[in-house]
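The values are calculated or read from the model by the stated rules, or taken from the named source; none is laboratory data. Since this is a predicted model, take the numbers as computed values, not measurements. All Cβ positions, even for glycine, are placed from backbone atoms using ideal geometry, and neighbour counts span all protein chains on display. Note: areas computed on protein heavy atoms with side chains; ligands, DNA, RNA excluded. Shrake-Rupley method; radii C 1.70, N 1.55, O 1.52, S 1.80 Å.
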Amino acid sequence: MKLILLGTTGYHPSNTRHTACLLLPEQGVMLDAGTAAFRAAARLQTSELDIFLSHAHLDHCIGLTYLLSTTHVHPLNRVRVHSTAENLAAVNEHLFAPAMFPKKPDMELLPLRPVEPLPGGGRLTHFPLLHQGGSTGFRLDWPGHSMAYVTDTTASPTADYVAAIRGVDLLVHECYFGDEQARWADHTGHSHTTPVAQVASRAGVGRLVLVHINPLAAETDPIGLDVARAIFPETTIGEDLMELEF
Ligand SMILES: [Zn+2]
Ligand SMILES: [Zn+2]
């Protein structure tokens, strides 16, 4: 199965990265809708789109306002946005307040159920993360294929969410900071390199891809890849428009 990393940073775009958005183009599934969401139009292969929001911070939801141009380029019969009821209310009341964005694109806002069916016979389950205001992690399973998306959280190998992602083929996990900024990670509810690699190791995942990289970080080795690989060798730093098979 194919996953495209449309956007791999958080907070704000950089010269090389847009904010959080992953796309399964063949299933019509989007995970978060940050500034990279505009890139989905040229890649979607379905007539319906299911968007799952980890939370409603702007770097994860502002792309919902871009759906007008998405559907202009790639017509969609149906768009469903799934998140917690609290996040959906925030999007509806604030992001789509008339003074902010007066033309709300056609979309259904649906509170997450414990298990959500996915196109192609898959299922999505979710679990709470450790972030100011809360965030939700996602696990997606199809027969023979599995992945998890964990962003906007403090990482710890002893965190409850490790059990929820156990054994997935592909773990896409945020890593905003390198270890030298561990204090900032704890302070802001984000992750740094060593605990993220420990999570991947403890959960026994197939491979780890790092996203939500600090937009101010150096472009060549933003988080200390050697540190991560010493703990979990199958680690890659995600880049915008990287395509992953799992
Ligand atoms: Zn974020
Ligand atoms: Zn956030």
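Below is a table of values for the structure above.
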item	result
Contact order relative to length of the range 139-246, as percent, for alpha carbon pairs under 8 angstrom and 6 or more apart	28
Percentage, to the nearest whole number, of Cα pairs in the chain over 29 Å apart	21
Within the range 124-208, percent of DSSP bridges classed antiparallel, to nearest 5	60
Cα-based shape type of the range 1-121, given that a ≥ b ≥ c are square roots of the gyration tensor eigenvalues and the cut on a/c is 1.5	rounded
Counted charge near Glu219, where neighbours are those whose Cβ lies closer than 12 Å (Asp, Glu -1; Lys, Arg +1)	-2
Ala97/Asp221 FRET efficiency (R0 35 Å; Cβ-Cβ; nearest 0.05)	0.30
³J(HN,Hα) computed for each position of the range 179-187 - Karplus, 6.51 cos²θ - 1.76 cosθ + 1.60, integer Hz, glycine/proline x	4, 5, 10, 4, 5, 5, 4, 5, 5
Rounded to 5, percent antiparallel among DSSP beta bridges of the chain	50
Net charge of neighbours whose Cβ lies under 11 Å from the Cβ of Ser135, counting Lys and Arg as +1 and Asp and Glu as -1	-3
Kirkwood Rh and Cα Rg combined as Rg over Rh, evaluated for the range 79-224	1.01
Residue-normalised accessible area of the range 201-246, given per residue in Å² at a 1.4 Å probe	49
Rounded percent of accessible protein surface that carbon and sulfur make up, the chain, 1.4 Å probe	54
Span from the the range 76-97 Cα centroid across to the the range 124-185 one, whole angstrom	22
Residues with amide H under 5 Å from that of Ser135, placed H, sequence gap 5 or more	Leu129
Long-range amide H partners of Ile237 with built H, under 5 Å	Leu210
Anisotropy class of the range 91-162 from Cα gyration tensor, a/c 1.5 cut	oblate
Residue-count net charge about His192 - beta-carbon cut-off 11 Å; Lys, Arg +1, Asp, Glu -1	-3
The chain: relative contact order in percent, alpha carbon pairs under 8 Å with at least 6 residues between	18
Net dipole in debye of the range 85-216 [+1 Lys, Arg Cβ; -1 Asp, Glu Cβ; about Cα centre; nearest 20]	220
Cα gyration tensor shape for the range 180-246, rounded if a/c is under 1.5, else prolate or oblate	oblate
